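Below is one structure; the comments refer to it alone.
The values are calculated or read from the model by the stated rules, or taken from the named source; none is laboratory data. Because the structure is a prediction, the values reported are computed rather than measured. For neighbour counting, all protein chains shown are included, and Cβ atoms are generated from backbone atoms with ideal geometry for every residue, glycine included. Only protein heavy atoms, including side chains, enter the accessible area calculation; ligands, DNA and RNA are left aside. Shrake-Rupley method; radii C 1.70, N 1.55, O 1.52, S 1.80 Å.
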Amino acid sequence: MALTTAPDPTRRGPGSARPRAHRRGPGRPRHGDGLAGYVFLSPWLIGLMAVTAIPMLLSLYLSFTNYDILTPWPEVEWVGLANYERMFTADPSWWHSVRVTLTFALVAVPLKLAAALGVALLLNRAWRGVGVFRGLFYLPSLLGGSVALAIVWVNMFNRDGAFNSFLALFGITGKPWVNDPDWALETLMVLAIWQFGAPMVIFLAGLKQVPTELYEAAAVDGAGRWRQFVNVTLPMLSPVIFFNLVLETINGFQGFTAAFVLSNGTGGPVDSTLMYTLNLYITGFTDLEMGYASAMAWVFLVAVAVITVIFFSTGRFWVHYSDGEDR
């Protein structure tokens, strides 16, 4: 009688498949990695919610109310679109602030970019001490919209300021520029144009990326300096120009500090420096019409967004990239 043994289920035959081990793939996160990521992101997420997202939603709600800061929240009255209707139909100061801000942006931004590009072209040379000049031209931008700088600027352009003293050397009688309604806004424009250091540095970086072979080929074809600038430099710099144009336009619409200091927070003289953001501040914190000020803020946000979309929509017609594709 032959004895047979039952096959051992734990043993594998020669053709049997090896059991799969549960291993973590090379790109697969460990259990709990996602939670750790959120823990590290939590300070930023808390700041985003507490400082940006929640206040924005609250201001959107307040824009449909008559909230005046002093009224308790349960007594805030919902007024619907009344704030927006008042803004567009019954508030001449709002329209005046829009005109002042548009004038400031349409004049100061192009001149600021032109000054930045011109100085960048002068400093895009390998001559001795160029680094010192680059630092000096960039220095005003480091000060930004500081109150101290605005105070210095006001003192420079008042009746007894340094600018009038300079004009007196040539026999020219100056005027109180910052107190003259016809010139107060222009002094703010000059201050904005003077702070061209940031776009200048960006233009310098863009000029460094223009291939020298293009200038050599243009020179061989008989192109002079001006034609090289128009046909080589500007097209190659168009993405940088577009970038600076968008940023500086947004900054131009947001001008506040210099106008506030120059006019002592009133937008004077005779509302000549009543920038939109200053008018918004006066409405919300001086007149205590926070609901109406919130509506002004949301209209401002939508307007800036629309202008930005227009820039990006029209940029494909004049912005050229080195890969030959317009975007």
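Expressed in Å, the radius of gyration and Dmax of the Cα atoms of region 268-327 are 18.1, 54. Here the Gaussian network model covers the chain, with springs between Cα atoms less than 10 Å apart; of 117, 301, 35, 35 fluctuates the most.
Between the Cα long axis of helix 147-156 and the first principal axis of the chain there is an angle of about 20°, rounded to the nearest 10. Only Cα pairs within less than 10 Å get springs; with that Gaussian network setup on the chain, which residue of 235, 74, 92 has the largest fluctuation? Between 235, 74, 92, it is 74 that shows the largest mean-square fluctuation. Accessible surface for residue 194 stands near 100 Å², nearest 10, in the context of the full protein assembly shown (1.4 Å probe). Ligands, DNA and RNA excluded, the heavy atoms of residue 320 present near 80 Å² of accessible surface to a 1.4 Å solvent probe.
Using the Karplus relation 6.51 cos²θ - 1.76 cosθ + 1.60 with θ = phi - 60°, the per-residue 3J(HN,Hα) values for region 180-187 come to 9, x, 7, 10, 4, 5, 5, 5 Hz, with x marking Gly and Pro.
Computed FRET efficiency, Cβ-Cβ of residue 95 and residue 229, R0 45 Å: what is it to the nearest 0.05? Mind dumping the intermediate values first?
On the way: r = 40 Å, r/R0 = 0.89.
Between residue 95 and residue 229 the formula returns 0.65.
With all protein chains in place and a 1.4 Å probe, the accessible surface of region 128-179 carries 68 percent carbon and sulfur.
The modelled label-to-label distance for the pair residue 82/residue 143, using points 7 Å beyond Cα in the direction of Cβ, is 4.6 nm. Solvent-accessible surface (1.4 Å probe) assigned to residue 165 amounts to roughly 70 Å². Of 159, 128, the order by accessible heavy-atom surface (1.4 Å probe, DNA, RNA and ligands excluded), from most exposed downward, is 128, 159. Using a Gaussian network model on the chain with a 10 Å cutoff between Cα atoms, which of 109, 220, 152 fluctuates the most? Fluctuation is largest for 220.
Surface listing: 296, 236, 49 arranged by accessible area from highest to lowest gives 49, 236, 296, probe 1.4 Å. Using just its DSSP H runs of length 4 or more, each adding -39500 (n - 2.57), the chain gives a mean residue ellipticity at 222 nm of -18500 deg cm²/dmol after division by all residues. Each 5 Å bin from zero holds the following percent of Cα-Cα pairs in region 158-216: 4, 15, 14, 15, 12, 8, 9, 8, 7, 7, 1.
Each principal axis of the Cα cloud of the chain was evaluated for its coordinate range; sorted largest first, these ranges are 134, 77, 36 Å.
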